[in-house]
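Participant: So that we are looking at the same thing, I have put the structure below in structure tokens.
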Ligand SMILES: Nc1ncnc2c1ncn2[C@@H]1O[C@H](COP(=O)(O)OP(=O)(O)OP(=O)(O)O)[C@@H](O)[C@H]1O
Ligand SMILES: [Mg+2]
């Protein structure tokens, strides 16, 4: 954990959209990116769910993440893009606790979560999707949903065998089952509830991964390439679900290489390159940004 972990109560304030003790101008993301962050904060006066300040992660001599600062507003489908090796996945891993940052601070809902375990961070409502593990492939889709992380009291044997508490456990298990079915219906996976997860297509797996993440009732979900290998029909479904979830208050940070998806669905878009933030902006702004075009070496964006 960094020695800069001193702030534990940074509340969001209306106005500039940054926590009271943080001056937006202090966030060192370079002149261009800084003004873009400020513009975004002014454009939508919603709360900042996630804020990352001067995040760094080194692996030996490699600076995978090299002083990254950005904020994500509530209810947005924010994109995080950049060429291969830009540091996107490492940034995700540092935010969700899978990796401990070399330096920097991560705030979730105004509270510092830097260096906490993935479990602690998930309990606060910040979660990333996980690939269906090998053991879970041999379980049904419904069982995968029921086993998703989410603080079930049914896991506790003591509670299950204590008179009086047992009814509580049964009630809770029923609620979990109801929630699982509700999500499976919403993701049009209910007809597959009894199938082994291992028999699902790539796209169906991605839908199940998102549905499982929602079992934990998070506020924010980080998605790392959720559309890789997904056919166009399921891709449309998944994107529709993401927009519905945003409209009901969930927040997403999406890493995706498909530029059409990013440009048509994400706002704002954060661009990383060689471990740093290049810029933050709307698709219109990103599309014509010289630095972004250069970073992608003229690839069609
Ligand atoms: N565990 C690790 N050990 C050593 N180097 C690593 C490790 N993880 C990532 N790196 C390096 O850090 C840099 C950033 O990698 P990262 O996976 O975060 O990039 P990315 O933007 O997610 O790339 P991609 O688009 O290909 O998924 C790369 O140079 C990568 O080789
Ligand atoms: Mg990656």
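The values are calculated or read from the model by the stated rules, or taken from the named source; none is laboratory data. It should be emphasised that the depicted structure is a prediction, and the values quoted were computed from it without experimental measurement. Cβ placement follows ideal geometry from the backbone for every residue including glycine, while neighbour counts extend to all protein chains displayed.
Participant: Scan segment 100-107 and tell me whether some residue there is in a strand (DSSP E or B), closer than 23 Å to residue 245 by Cα, at pLDDT 95 or above and more than 12 Å from ligand 1 (Cβ to nearest atom).
Facilitator: yes
Participant: Return the total of residues in segment 61-81 being more than 13 Å from residue 267 (Cα to Cα), in a loop (DSSP other than H, G, I, E, B) and modelled with pLDDT of 95 or more.
Facilitator: 0
Participant: Hey, can you tell me all the residues within segment 258-274 that are touching a residue at least 40 places away in the same chain (Cβ under 8 Å) and within 15 Å of ligand 2 (Cβ to nearest atom)?
Facilitator: Hits for segment 258-274 are 262, 270, 271, 272, 273, 274.
Participant: Here is a further query. For residue 200, work out the one condition from (1) buried (at least 19 other Cβ atoms within 10 Å of the Cβ); (2) in contact with a strand residue (DSSP E or B) (Cβ under 8 Å, 6 or more places away or on another chain) it doesn't fulfil.
Facilitator: (2)
Participant: Out of all the residues in segment 82-99, which are more than 23 Å from residue 47 (Cα to Cα) and either touching a helix residue (DSSP H, G or I) at 6+ places or on another chain (Cβ under 6 Å) or in a loop (DSSP other than H, G, I, E, B) (or both)?
Facilitator: 82, 83, 84, 85, 86, 87, 98, 99
Participant: Could you please let me know if residue 226 is within 16 Å of ligand 2 (Cβ to nearest atom) and either under 20 Å from residue 79 (Cβ atoms) or in contact (Cβ under 8 Å) with a residue 12 or more places away in the chain (or both)?
Facilitator: yes
Participant: Looking at segment 47-73, which of the residues that are within 11 Å of residue 95 (Cβ to Cβ) and within 16 Å of ligand 2 (Cβ to nearest atom) is surrounded by the fewest Cβ atoms within 10 Å (Cβ to Cβ)?
Facilitator: Only one residue fits best here, namely 57.
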